[in-house]
Amino acid sequence: MSGLSVEVSENGHTSLPDASYAYDETEDFAKLDHKPRLLSLENRQRSLDERSLSEFSHISPNLTSQTENISRLADHLENMFATSRRSGFNTPRSGLSTPRSYAAGFEPHPIVGEAWEALRRSLVYFRGQPVGTIAALDNSEEKLNYDQVFVRDFVPSALAFLMNGEPEIVKNFLLKTLRLQSWEKKIDRFQLGEGVMPASFKVFHDPVRNHETLIADFGESAIGRVAPVDSGFWWIILLRAYTKSTGDSTLAEMPECQKGMRLILSLCLSEGFDTFPTLLCADGCSMIDRRMGVYGYPIEIQTLFFMALRSAQVLLKHDDEGKEFIERIVKRLHALSYHMRAYYWLDFKQLNDIYRYKTEEYSHTAVNKFNVMPDSLPEWVFDFMPNRGGYFIGNVGPANMDVRWFCLGNCIAILSSLATSEQSTAIMDLIEERWEELVGEMPVKVCYPAIESHEWRIVTGCDPKNTRWSYHNGGSWPVLLWLLTAACIKTGRPQIARRAIALAESRLLKDNWPEYYDGKLGRYIGKQARKFQTWSIAGYLVAKMMLEDPSHLGMVALEEDKQMKPVLKRSVSWTI
Ligand code: GLC
């Protein structure tokens, strides 16, 4: 867990919920579809069937807390109703512009209903509207900032709601976080970039004024003051998922959304001293939000960057400002895909080549471009590398190849088509070949292998939370199941996902949806893992729904862009 809870303090900090951060619904750039709050069950049912909400539009969204409680109860009834409809899994929820139906005759696993209920319990409301899901609903542990809505954590929740035909919460989330982006962000006396999206936010209820405000954390409260580089990328990716799933492009086309995207892109497309198209980052800038030796050019950020660029490419309007960005995106994508496919890829042949590399080569003819010392390759990688399969390594920089395997980066590489189809197949082959190491008893390892002893001391700074095979250091994270499943479906290997889901199903509910598992095989509930961790719940649901209806994949996957595939051959098994 990365941060301290954002509290009202007196230091004039930017995250104070003072008047400048409070905003009224009337300030919102677009009127959201306000959910009617006080409906009879009969009306609720009708509204589910017809979605003719406009007839209730006279009901004010600004309710007192008492009426809000009643409305939440009404919500709950609707949710129970929706869950019972859903548990039939053959009735698409009405009101979708592109209704989806579940495979007829599909028998849901008994824990699916429980998962939906737990997911709904995690909903966070702001002035009567659902705007996100809390990171974990675990009261037995110290809260830290697990009582906040994390941008990255909300993604699987959002996908679950989209897949279930409930896009409103996703729209609310996208708009609220966009408002947060426009805050002035400061850490001590240093002002952060305009486009930075928050890592997390929470709703602050002022009992005196009976008023709710949002409080965001851009890293200024987070443990280690880590930068949420991934938040902006996830935001763009989610905007595309929303657009794709609902068929409603009006949200993305709003001038505010267009500007929000441009601001995010300005941060990462700006010119600087870079010699590579990859993005230079500090440690702890993404899901792994503690010092774990992922500084430099970490795979997770590079793949999210790539996917966000490709998503923005389709979402940006071709007006004057948009066009300029699209041109920059096209150039960057071209360079980035080349760089990643060429230098991050590792398979048996490539490993053997690097093993035999010469060093200290100068000029354009250098083979060992980054002057990697073959002796720096860890021993484990020679055993780990199967004859069949390959993967994108963790990091590449001057004299640096971090050959650890990271789940999220490799899955996003597949989903975004950063990986060629040959590389995608090889990534899945590797997962099959190294099942015990990467999946073990609980899908999936966040990275492999763990860092131990002296290396752990140096790399993590003696972090007691990230001891070997725990948490970010080789721990197993159920949330990654949705990414694995999506990658499996995209590569035509659903049986791999089925196997992984079955493993998760055998434990997740019984163990109360832990945040992560520990141990080489992921057999033990994590040392400090929160229970009822929302993205563990949502990740499972998304995996299930995608497997049942693979058409959902379109929300989170991009087809290969043929123009991005140069012909240069590097290895017998793949082309770049
Ligand atoms: C931990 C995780 C981070 C997550 C947060 C909330 O800090 O490392 O990825 O967003 O918890 O669940």
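Across region 280-296, computed HN-Hα scalar couplings (Karplus, 6.51 cos²θ - 1.76 cosθ + 1.60, θ = phi - 60°) run 7, 10, 7, 5, x, 9, 8, 3, 7, 9, 9, 5, 9, x, 10, 5, x Hz from first to last residue, x flagging Gly and Pro.
Start at zero, step by 5 Å, and the Cα-Cα distances of region 157-226 spread as 3, 14, 19, 19, 18, 15, 8, 3, 0 percent across the bins.
With 0.36 nm allotted per residue and the present C-alpha distance subtracted, the ASP320-LYS358 stretch has 8.8 nm of extension available. Scalar couplings 3J(HN,Hα) for region 169-174, obtained by applying the Karplus form with A = 6.51, B = -1.76, C = 1.60 to θ = phi - 60°, are 4, 5, 4, 4, 4, 4 Hz; x denotes Gly and Pro.
Calculated on the alpha-carbon coordinates, the convex hull of region 445-492 measures out at 69 cubic angstrom per residue. The length gained on full extension between LEU521 and LYS143, counted as 0.36 nm times the residue separation minus their Cα-Cα distance, comes to 133.3 nm. Lys-Lys pairs in region 296-409 that are eight or more residues apart or on separate chains and whose Cα atoms lie under 21 Å of each other come to 5.
Ranking LEU174, ALA199, ALA216 by Cα position along the charge dipole of region 170-231, where only Lys, Arg, Asp and Glu carry charges on their C-beta atoms, puts LEU174 farthest toward the positive end.
Under 5 Å from the amide H of ILE187 lie the amide H atoms of LEU192, each residue being 5 or more positions distant or on a separate chain, with H modelled from the backbone and absent for Pro and chain starts.
Summarised as an ellipsoid, region 318-378 has semi-axes of 35, 13, 8 Å, derived from the eigenvalues of the Cα gyration tensor scaled by 5 and square-rooted, with the largest first. Taken one residue at a time, the phi angles of region 503-515 give Karplus couplings (6.51, -1.76, 1.60, θ = phi - 60°) of 4, 5, 4, 6, 10, 3, 5, 4, 8, 6, 6, x, 5 Hz. Gly and Pro are set to x. Solvent-accessible area of HIS472, all protein chains in place: 0 Å² (probe radius 1.4 Å, heavy atoms, ligands and nucleic acids excluded). For region 431-574, the share of alpha carbon pairs falling in successive 5 Å distance bins from zero is 2, 10, 18, 18, 16, 13, 11, 8, 4, 1, 0 percent.
Sorting 534-541, 286-293, 488-495 by average packing, meaning the other beta carbons within 10 Å per residue, from highest down gives 534-541, 286-293, 488-495. The fraction of accessible area contributed by carbon and sulfur in region 450-575 is 56 percent, rounded to a whole number (1.4 Å probe; ligands and nucleic acids excluded). Compared with the alpha-carbon gap, the fully stretched path from ALA335 to GLU432 is longer by 31.9 nm at 0.36 nm per residue. Here region 385-460 is treated as a sphere whose radius is the Kirkwood value from Cα pairs; by Stokes-Einstein at 10 °C and 1.306 mPa s it diffuses with a coefficient of 119 µm²/s. Could you state the orientation-averaged shadow area of the convex hull built on the Cα atoms of region 392-507, in nm² to one decimal? Result: 7.8 nm².
Using heavy atoms of the protein chains and a probe of 1.4 Å, the accessible area assigned to GLU117 is about 90 Å².
The values are calculated or read from the model by the stated rules, or taken from the named source; none is laboratory data. Note that the coordinates shown come from a computational prediction; the quantities given were computed from them, not determined experimentally. As a convention, Cβ positions derive from the backbone with ideal geometry for all residues, glycine included, and neighbour counts pool all protein chains shown. Please note that ligands, DNA and RNA were not included when accessible areas were found on the heavy atoms of the full protein model with its side chains. Shrake-Rupley method; radii C 1.70, N 1.55, O 1.52, S 1.80 Å.
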